[in-house]
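Asks: Sharing a structure, written as structure tokens. Questions coming.
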Amino acid sequence: ISVKDLRRGYVASDADNQPATGVSSFDAQVIMMNHPGEVSNGYTPIIDCHTAHVACIFADIKELMDRRTGKVIEKNPEYIKNGDACIVEMEPTKPLCVESFTDFPPLGRFAIRDMRQTVAVGVIKSTVKSDAKKATFI
């Protein structure tokens, strides 16, 4: 592979032992830190994970939880606001290569950016792999 073939966001991995693949969706624990309003299903911010910058849709806010203890406060909340921690199903709008934080920490944490600032941070709990034959992954 030539240096000219590599671009920002590409992920190198062992082709024989758990090769890196894109995801069609992933569940993440997100902590809202600096968002001025309320966030509901359909929100589409930019996710900064490793060197990739991809828009991801908040497909389903599954549960609102206590930031400190991790106990579930509410199932399927209508919205989340500043200071809330939650579990969200996210769907990338472009091919994205991520892993769960427990399996591979560098590909399992991300920042959520909107309005030119970081509004939330998160860690990936689980992933749903996409068909590996579809596209090149970012």
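Asks: Which entry in (i) 189; (ii) 112; (iii) 166 matches volume of the Cα convex hull per residue in Å³ derived from the coordinates of this structure?
Replies: Among (i) 189; (ii) 112; (iii) 166, the one calculated here is (ii).
Asks: Something else: Return the long-range amide H neighbours of residue 63 (sequence gap of 5 or more, or a different chain), with a cut-off of under 5 Å between placed amide H atoms.
Replies: Placed amide hydrogens put 76, 87 under 5 Å from residue 63.
Asks: Within region 49-75, which residues have the backbone N less than 13 Å from the label spot 7 Å out from residue 93 along Cα→beta-carbon, could you tell me?
Replies: 53-58
Asks: Within region 38-122, list the chymotrypsin sites (Phe, Trp or Tyr not before Pro) lying in a DSSP loop whose Cβ has at most 14 other Cβ atoms in a 10 Å radius.
Replies: Working: sites: 43, 58, 79, 101, 110; in loops: 43, 79, 101.
Taking region 38-122 and a limit of 14 other Cβ atoms within 10 Å, the loop chymotrypsin sites (Phe, Trp or Tyr not before Pro) found are 79.
Asks: When all alpha-carbon pairs of region 1-70 are counted, what percent fall beyond 15 Å? Working shown, then result.
Replies: On the way: 1676 of 2415 pairs.
Counting every Cα pair in region 1-70, those more than 15 Å apart make up 69 percent.
Asks: Quick one: longest stretch of the chain between exposed loop GluC sites (Glu not before Pro), exposed meaning at most 15 other C-beta atoms within 10 Å and loop per DSSP? Before the final figure, lay out the partial values.
Replies: Numbers: sites that count: 38, 78.
With GluC sites (Glu not before Pro) excluded where exposed in loops, the chain gives 79-138 as its longest stretch.
Asks: Put a dot 7 Å past each Cα toward the Cβ at residue 8 and residue 63; how far apart are the dots in nm?
Replies: Inter-label distance under the simple model: 3.7 nm.
Asks: Over the chain, with the other protein chains present, what is the accessible area per residue in square angstrom, probe 1.4 angstrom?
Replies: Numbers: 8280 Å² over 138 residues.
Dividing the accessible area of the chain by its residue count gives 60 Å².
Asks: FRET efficiency for residue 48 and residue 74, Cβ-Cβ distance as r, R0 = 25 Å, nearest 0.05? Can you show the working numbers first?
Replies: On the way: r = 28 Å, r/R0 = 1.11.
For R0 = 25 Å, the calculated efficiency reads 0.35.
Asks: Suppose every Lys and Arg Cβ carries +1 and every Asp and Glu Cβ carries -1, with no other charges. What dipole size does region 53-127 come out with about its Cα centre, to the nearest 20 debye?
Replies: Working: 11 positive and 11 negative charges, 57 e Å.
In debye, rounded to 20, region 53-127 gives about 280.
Asks: Report the longest stretch of the chain that contains none of the trypsin sites (Lys or Arg not before Pro) sitting in a DSSP loop with at most 16 other Cβ atoms within 10 Å.
Replies: Details: sites that count: 7, 8, 67, 68, 71, 81, 116, 133, 134.
Result for the longest clean stretch: 9-66.
Asks: Give or take rounding to whole Å, what are the principal axis extents of the alpha carbon atoms in region 86-136, in descending order?
Replies: In descending order, the Cα extents are 34, 25, 19 Å.
The values are calculated or read from the model by the stated rules, or taken from the named source; none is laboratory data. In this text the structure is predicted, and so the values were computed from the model without any measurement. Note that we place each Cβ from the backbone using ideal geometry, even for glycine, and neighbour counts take in every protein chain shown. Accessible surface areas use protein heavy atoms only, side chains included; no ligands, DNA or RNA. Shrake-Rupley method; radii C 1.70, N 1.55, O 1.52, S 1.80 Å.
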